[in-house]
1. How about region 1-23: which of its residues are open to solvent by less than 60 Å² (accessible area, probe 1.4 Å) and in contact with a helix residue (DSSP H, G or I) (Cβ under 7 Å, 6 or more places away or on another chain)?
2. So which residues in region 68-86 are surrounded by 19 or more Cβ atoms within 10 Å (Cβ to Cβ) and under 20 Å from residue 131 (Cβ atoms), if there are any at all?
3. When you scan region 5-21, how many residues do you find that are small (Gly, Ala, Ser) and either free of Cβ contacts under 8 Å to residues at least 24 places away in the same chain or touching a Pro at 6+ places or on another chain (Cβ under 8 Å) (or both)?
4. Does region 106-113 contain any residue that is without any contact (Cβ under 8 Å) to a residue 40 or more places away in the chain, surrounded by 11 or more Cβ atoms within 10 Å (Cβ to Cβ) and in a helix (DSSP H, G or I)?
5. Does residue 102 satisfy being open to solvent by 10 Å² or more (accessible area, probe 1.4 Å), farther than 25 Å from residue 134 by Cβ and either in contact with a Pro (Cβ under 6 Å, 6 or more places away or on another chain) or part of a helix (DSSP H, G or I) (or both)?
6. Report the residue count in region 87-99 for those that are open to solvent by less than 30 Å² (accessible area, probe 1.4 Å) and assigned to a helix (DSSP H, G or I).
7. Filter region 29-50 for residues that are in a loop (DSSP other than H, G, I, E, B) and hydroxyl-bearing (Ser, Thr, Tyr); which is most open to solvent (accessible area, probe 1.4 Å)?
8. Which of the residues belonging to region 62-86 are part of a loop (DSSP other than H, G, I, E, B) and in contact (Cβ under 8 Å) with a residue 40 or more places away in the chain?
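The values are calculated or read from the model by the stated rules, or taken from the named source; none is laboratory data. Values in this document were obtained by computation on a predicted structure and should not be read as measured data. Positions of Cβ are backbone-derived with ideal geometry, glycine not excepted, and every protein chain shown enters the neighbour counts. In case anyone asks, the SASA skips ligands and DNA or RNA and just uses the protein heavy atoms, side chains included. Shrake-Rupley method; radii C 1.70, N 1.55, O 1.52, S 1.80 Å.
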Amino acid sequence: IKPFSESCDKFVAIAHRRSLIADLADRLGITSYDAVSSYEKAINSDKLAICLPSTKAGIYKGFLDSVNNVAIDEISQNIRFTQSKECKVSGCNQEDVFFKLKELVNEADKLVVCDASIDQTTIDFLESARPDEKFNIIAQVPKNTGRTCYTYTERADFLTKIELELRNGGKVWLAVESADRAEILN
């Protein structure tokens, strides 16, 4: 997304969760929507990172109406998030947010969407939002770093493996769904 962002005048980056926006804005070197306190400041912005539900917030309407370059990080998760009751902003529900996402995808002059694994639902969404358009799908094969990944469904097995790895001087990297779950593991 970064090279795309750097090549654009008016640009918005979208992610599905508020917790992801600060990091996204930082990585792209653009302003987070949290730093914009008024409609006037928003409309005078050139580049913003905005969480998906806030694309329906009135404060960003003028800015989003003027944006012609859109990047969506974790597109598949954004689409799935629109089915959640948590996907809302004052005065709008998840259906409103879904249609705003579809509108932004449809009306963008240039669009970049990213995800670790784009599924058929995402392809169908993109085809419905941008009918009769050809898509360039670029798959990046991850570099083999020799690391091993384990997936556990039983908490006891998971904790035992971590304890053994740490006792043997190893390092453990955990990916969890939320800050709350990460705090529990701390």
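1. The answer is 1, 5, 10, 11, 12, 13, 14, 15, 16, 21.
2. Of region 68-86, the ones surrounded by 19 or more Cβ atoms within 10 Å (Cβ to Cβ) are 69-76, 78-79, 81-82.
Once the filter is applied, which keeps residues that are surrounded by 19 or more Cβ atoms within 10 Å (Cβ to Cβ) and under 20 Å from residue 131 (Cβ atoms), region 68-86 yields 70, 72, 75, 76, 78, 79, 82.
3. Looking only at region 5-21, we keep the residues that are small (Gly, Ala, Ser), and these are 5, 7, 13, 15, 19.
Within this subset, residues satisfying the condition of being either free of Cβ contacts under 8 Å to residues at least 24 places away in the same chain or touching a Pro at 6+ places or on another chain (Cβ under 8 Å) (or both) are 7.
Of the residues in that region, 1 qualify.
4. First pass over region 106-113, keeping only residues without any contact (Cβ under 8 Å) to a residue 40 or more places away in the chain: 106-107.
Keeping just the survivors that are surrounded by 11 or more Cβ atoms within 10 Å (Cβ to Cβ) gives 106-107.
Those left that are additionally in a helix (DSSP H, G or I): 106-107.
Yes; the residues of region 106-113 include at least one that is without any contact (Cβ under 8 Å) to a residue 40 or more places away in the chain, surrounded by 11 or more Cβ atoms within 10 Å (Cβ to Cβ) and in a helix (DSSP H, G or I).
5. no
6. 1
7. Kept after step one, since they are in a loop (DSSP other than H, G, I, E, B), are these residues of region 29-50: 29-30, 36-38, 44-46.
Then keep just the ones that are hydroxyl-bearing (Ser, Thr, Tyr); that gives 37-38, 45.
Details: 37: 86, 38: 31, 45: 19 Å².
Looking at residues that are in a loop (DSSP other than H, G, I, E, B) and hydroxyl-bearing (Ser, Thr, Tyr), I get 37.
8. First, the residues of region 62-86 that are part of a loop (DSSP other than H, G, I, E, B): 67-68, 74, 82-86.
The answer is 67, 68, 74.
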